[in-house]
1. Please work out which one of (1) assigned to a helix (DSSP H, G or I); (2) crowded, with 21+ Cβ neighbours inside 10 Å; (3) modelled with pLDDT of 95 or more is the condition ARG57 fails and give its number.
2. Go through GLY131, GLY127, GLY65, GLY78 for me and flag whichever is open to solvent by less than 70 Å² (accessible area, probe 1.4 Å) and at positive phi.
3. Cβ-Cβ below 6 Å, separation at least six or inter-chain, first residue in region 120-138 and under 14 Å from VAL48 (Cα atoms), second of a type in the set (D, E, K, R): which pairs?
4. Would a scan of region 206-226 turn up a residue that is at pLDDT 90 or above, under 21 Å from GLY124 (Cβ atoms) and open to solvent by 10 Å² or more (accessible area, probe 1.4 Å)?
5. Answer with yes or no whether GLY153 is buried (at least 24 other Cβ atoms within 10 Å of the Cβ) and assigned to a loop (DSSP other than H, G, I, E, B).
6. May I ask you to verify whether GLY131 is assigned to a loop (DSSP other than H, G, I, E, B), under 26 Å from LYS102 (Cα atoms), of a type outside the set (A, V, I, L, M, F, W, C) and in contact with a strand residue (DSSP E or B) (Cβ under 9 Å, 6 or more places away or on another chain)?
7. Does any residue of region 164-181 turn out to be on the phi < 0 side of the Ramachandran plot, assigned to a helix (DSSP H, G or I) and either without any contact (Cβ under 8 Å) to a residue 12 or more places away in the chain or touching an Asp or Glu at 6+ places or on another chain (Cβ under 9 Å) (or both)?
Amino acid sequence: MADPFLYNTGERSHYGCLGHEVQIEYLKAYVCRPPFSTDKAVIVVHDVFGWQFPDIRYIVDLMAGHGYITICPDFFKGTKPWTSRDHWADFPDWMKNHDPMKVDKEADVVLKYLKEQCGAKKIGIIGFSWGGMAVHHLMLKNPQLTAAVSLYGIVRDSEERYSLLNPTFFIFGEKDHTISLDQIFLLEDKLKQYCKVPYKIKVYPGQVHGFAQLKPEDMKPDDKPYIEEARRDMIDWIKTFV
């Protein structure tokens, strides 16, 4: 199996986080708050590299900077995330124990924390890759989530995957070889038929899987405009609905 992440996960600049870690029931989480009081929050669902990966923490801090209490829980519940040193032949077995469709209990724990401990009244969610699949799943199941952005992750094996409960934006890279353009066109066609809430699908030219969470210093010059555009689009969607 080819490595689906065509950016080098092993070479990352150091990132000094702005938030802090908390314990929520049986989950650890990374939280960053804006510099002012708010009743709006965003859950960030990490990719296969887990809740401590620098790129994901950068996104948490970025969303907090736009005025949201932002949290990234450890959806792997303390188990080992995928790493750049692991072998892709083992990935299917790893995925069996890290199913992005089995995140409902953890989502409920985090929603309760945000409402009861942080005073959140409107809560959005964004997720990347593995997290994008989890987000698509949750937007079919959990009406407490006001809006969502799923970045290069979709539910593939359910005929009921088009009945979204609240506004959802799907972001894809044109050269993502884990999600074909045919799959994206199918998603768009079916959403037109079945979806009763606002949705959006956008494909970014020349971009590979994992492009949108890179920190500025890790971006390649040719990709930077598309990464920044995807980031603006993500934030605008959340600001529109949350």
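1. Going through (1) assigned to a helix (DSSP H, G or I); (2) crowded, with 21+ Cβ neighbours inside 10 Å; (3) modelled with pLDDT of 95 or more one by one, ARG57 breaks only (3).
2. Details: GLY131 fails: at positive phi; GLY127 fails: at positive phi; GLY65 fails: at positive phi.
Of GLY131, GLY127, GLY65, GLY78, the one residue that is open to solvent by less than 70 Å² (accessible area, probe 1.4 Å) and at positive phi is GLY78.
3. Sorted first by the residue in region 120-138, then by its partner, the pairs are PHE128/ASP47; SER129/ASP47; TRP130/ASP47; GLY131/ASP47.
4. no
5. Numbers: buried (at least 24 other Cβ atoms within 10 Å of the Cβ): yes; assigned to a loop (DSSP other than H, G, I, E, B): yes.
So GLY153 fits the description; yes.
6. Values: assigned to a loop (DSSP other than H, G, I, E, B): no; under 26 Å from LYS102 (Cα atoms): yes; of a type outside the set (A, V, I, L, M, F, W, C): yes; in contact with a strand residue (DSSP E or B) (Cβ under 9 Å, 6 or more places away or on another chain): yes.
Spelling it out, it is not the case that GLY131 is assigned to a loop (DSSP other than H, G, I, E, B), under 26 Å from LYS102 (Cα atoms), of a type outside the set (A, V, I, L, M, F, W, C) and in contact with a strand residue (DSSP E or B) (Cβ under 9 Å, 6 or more places away or on another chain).
7. So the first thing to find is which residues in region 164-181 are on the phi < 0 side of the Ramachandran plot, and the list is 164-181.
Now drop any that are not assigned to a helix (DSSP H, G or I), which leaves 181.
Keeping just the survivors that are either without any contact (Cβ under 8 Å) to a residue 12 or more places away in the chain or touching an Asp or Glu at 6+ places or on another chain (Cβ under 9 Å) (or both) gives 181.
So far as region 164-181 goes, yes, one or more of its residues are on the phi < 0 side of the Ramachandran plot, assigned to a helix (DSSP H, G or I) and either without any contact (Cβ under 8 Å) to a residue 12 or more places away in the chain or touching an Asp or Glu at 6+ places or on another chain (Cβ under 9 Å) (or both).
The values are calculated or read from the model by the stated rules, or taken from the named source; none is laboratory data. This one's a predicted model, so the numbers in the text were calculated from it and none came from an experiment. Here the Cβ is made from the backbone with ideal geometry for all residues, glycine too, and neighbour counts use every protein chain on show. The protein model used for the area step is the full one, side chains on, heavy atoms only, and it has no ligands, DNA or RNA in it. Shrake-Rupley method; radii C 1.70, N 1.55, O 1.52, S 1.80 Å.
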